[in-house]
Amino acid sequence: AENTNAVFEVPDATTDARFSKNPLVSNGPKIKYYAGAPLITEQGHKIGTLCVIDNKPKELSELQKKKLTLISTQVMRLLKIKNESKQNLKKYSDSKSFLSGLSHEIRTALTSISGFSDILKDKLKDNEDRLVRDSLDCIFASKDHLLELVGDVLDLSKLDAKHIVRVNQNVDIHKFINLVVK
């Protein structure tokens with residue numbers, strides 16, 4: 001029984017009945033020597049060969065055949081790594097799309113909250129109860145902070161697409177600290 005996972009070698013294609021009439025042997029590059037190591041997936045499927053050709057007849061040594069087999073194995077490992085990288089990139093892209101969609105949904109809900117809190121603030125602006133005024137201030141500050149966070153998540157996709165411009169801005173540290181304390 002012939003080992004179909006071994007290197008397949010044709011020392012002189014012009015004298016081999018399987019190859020002598022092939023246009024690559026009789027015309028074209030006039031191939032005389034062919035050796036091929038199978039490219040085998042982890043599941044055992046043969047998807048092609050890693051070939052060595054020459055225009056002179058020859059034979060590989062056992063060491064050369066072993067090296068050809070090792071190179072074919074390495075090719076399959078590299079193909080697997082490339083495939084895994086593509087799959088990971090797709091998962092990353094899908095995650096970004098999900099976050100972007102979720103951010104839009106959250107922003108829509110926050111816009112509604114913002115509108116109603118504006119109405120409340122307007123109705124209660126003359127309220128003398130300090131707790132009511134402080135609570136409204138906290139609601140507004142939290143709403144603004146959430147809108148910024150959602151905007152930051154949306155900016156991540158813009159950053160990857162290089163469609164974002166960096167803007168430096170001043171921050172009122174006292175106002176920020178008071179917000180954190182509240």
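The values are calculated or read from the model by the stated rules, or taken from the named source; none is laboratory data. It should be emphasised that the depicted structure is a prediction, and the values quoted were computed from it without experimental measurement. Note that we place each Cβ from the backbone using ideal geometry, even for glycine, and neighbour counts take in every protein chain shown. Side chains are part of the model used for accessible areas, which takes the heavy atoms of the whole protein and leaves out ligands, DNA and RNA. Shrake-Rupley method; radii C 1.70, N 1.55, O 1.52, S 1.80 Å.
Take the residues of the range 166-180 that are closer than 23 Å to I113 by Cα and modelled with pLDDT of 75 or more: which is surrounded by the most Cβ atoms within 10 Å (Cβ to Cβ)? My answer is N178. Going by what's in this entry, would K96 be described as part of a helix (DSSP H, G or I), free of Cβ contacts under 8 Å to residues at least 60 places away in the same chain and out of contact with any strand residue (DSSP E or B) (no Cβ under 7 Å at 6 or more places or on another chain)? Answer is no for this residue.
When restricted to residues that are of a type outside the set (D, E, K, R), open to solvent by less than 50 Å² (accessible area, probe 1.4 Å), outside any strand (DSSP E or B) and in contact with a Pro (Cβ under 9 Å, 6 or more places away or on another chain), the range 12-59 contains 1.
A quick yes/no check of all residues on (1) of a type outside the set (A, V, I, L, M); (2) modelled with pLDDT under 70; (3) open to solvent by less than 90 Å² (accessible area, probe 1.4 Å):
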{"residue": "V132", "(1), (2), (3)": "no, no, yes"}
{"residue": "S142", "(1), (2), (3)": "yes, no, yes"}
{"residue": "E148", "(1), (2), (3)": "yes, no, no"}
{"residue": "G151", "(1), (2), (3)": "yes, no, yes"}
{"residue": "D155", "(1), (2), (3)": "yes, no, yes"}
{"residue": "K158", "(1), (2), (3)": "yes, yes, no"}
{"residue": "I164", "(1), (2), (3)": "no, yes, yes"}
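Select from the range 16-52 the residues that are in contact (Cβ under 8 Å) with a residue 24 or more places away in the chain and more than 16 Å from L79 (Cβ to Cβ) and list them in ascending order. Once the filter is applied, which keeps residues that are in contact (Cβ under 8 Å) with a residue 24 or more places away in the chain and more than 16 Å from L79 (Cβ to Cβ), the range 16-52 yields P29, K30, I31, K32, Y33, Y34, A35, G36.
Out of L102, L120, which single residue is surrounded by 12 or more Cβ atoms within 10 Å (Cβ to Cβ), modelled with pLDDT of 80 or more and farther than 30 Å from I47 by Cβ? Only one candidate passes the filter, namely L120.
Every test in (1) within 37 Å of the chain's Cα centre (by Cα); (2) over 23 Å from E84 (Cβ atoms) is passed by D54 save one, and that test is (1). Note on the range 103-136: residues that are within 21 Å of G151 (Cβ to Cβ) and out of contact with any helix residue (DSSP H, G or I) (no Cβ under 8 Å at 6 or more places or on another chain) total 8.
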